[in-house]
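K.L.:
Below is a structure I'd like to ask you about.
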Amino acid sequence: MTIIKYISILLIGILFVGCDAFKNEQSVPQELIGEWKLTGTGYGPNPTYEVDPNRSSMTLFLYNDRVMWYQDGEIWTKFGTTEKKKGWPEDSFYMNSKNNSFCDFKAVFNPETNTLGIIPANCLDFPSHFFQKSPD
């Protein structure tokens, strides 16, 4: 009976330590967390930055470890996030699509324009989108 007690205590300890080890870490920089409104879209290295009237109701909600992309108040798609990759700008992170048929994105904040660029990371036929943070 003693060995069963020790094994039980060991398993419970591993469970608690394991849960802490696999917690989602914050990958979205703290200053970027919040609601962002679409300001422009475009293709290529010099996008137009003009708002597409058909998508002007797009909104991003950034959390510590995920991004929710809304259109017309409905969830359009969801993303998990991971930390920026080596060589990326300081206020950037990777957005992994929860929908296998959707693009992943590189999100980069430009402090000069106060704009968050959402740039396709694994597909060529999807435009970049640019957002500005909604006032708190």
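K.L.:
Name every residue in the stretch 92-109 that is within 19 Å of Leu38 (Cβ to Cβ), part of a loop (DSSP other than H, G, I, E, B) and either touching a Leu at 6+ places or on another chain (Cβ under 8 Å) or small (Gly, Ala, Ser) (or both), in order of residue number.
P.N.:
none
K.L.:
With respect to Asp91, determine if the residue is within 16 Å of Ser27 (Cβ to Cβ), of a type outside the set (A, V, I, L, M, F, W, C) and touching a helix residue (DSSP H, G or I) at 6+ places or on another chain (Cβ under 8 Å).
P.N.:
Yes; evaluated as a whole, the condition is true for this residue.
K.L.:
Sticking with this one: Residue check: is Glu112 modelled with pLDDT under 80, among the acidic types (Asp, Glu) and assigned to a loop (DSSP other than H, G, I, E, B)?
P.N.:
In short, no.
K.L.:
One residue is enough: does the stretch 122-134 have a residue meeting the conditions in contact (Cβ under 8 Å) with a residue 12 or more places away in the chain, among the acidic types (Asp, Glu) and surrounded by fewer than 19 Cβ atoms within 10 Å (Cβ to Cβ)?
P.N.:
no
K.L.:
Restricting attention to the stretch 58-88, which residues are touching a helix residue (DSSP H, G or I) at 6+ places or on another chain (Cβ under 9 Å) and under 20 Å from Ser128 (Cβ atoms)?
P.N.:
Leu62, Gln71
K.L.:
If you don't mind, there's one more thing I want to ask. Scan the stretch 120-136 residue by residue and report those that are of a type outside the set (Phe, Trp, Tyr), assigned to a loop (DSSP other than H, G, I, E, B) and touching a strand residue (DSSP E or B) at 6+ places or on another chain (Cβ under 6 Å).
P.N.:
Ala121, Pro127, Ser134
K.L.:
Run Phe109 past the list (1) open to solvent by 50 Å² or more (accessible area, probe 1.4 Å); (2) touching a residue at least 24 places away in the same chain (Cβ under 8 Å); (3) among the aromatic types (Phe, Trp, Tyr); (4) under 20 Å from Gly42 (Cβ atoms) and report the number of the one that doesn't hold.
P.N.:
Going through the list (1) open to solvent by 50 Å² or more (accessible area, probe 1.4 Å); (2) touching a residue at least 24 places away in the same chain (Cβ under 8 Å); (3) among the aromatic types (Phe, Trp, Tyr); (4) under 20 Å from Gly42 (Cβ atoms), Phe109 breaks only (1).
The values are calculated or read from the model by the stated rules, or taken from the named source; none is laboratory data. If you're wondering where the values come from, they're calculated on a predicted model, not measured in any experiment. Here the Cβ is made from the backbone with ideal geometry for all residues, glycine too, and neighbour counts use every protein chain on show. Side chains included, ligands, DNA and RNA excluded: accessible areas come from the protein's heavy atoms. Shrake-Rupley method; radii C 1.70, N 1.55, O 1.52, S 1.80 Å.
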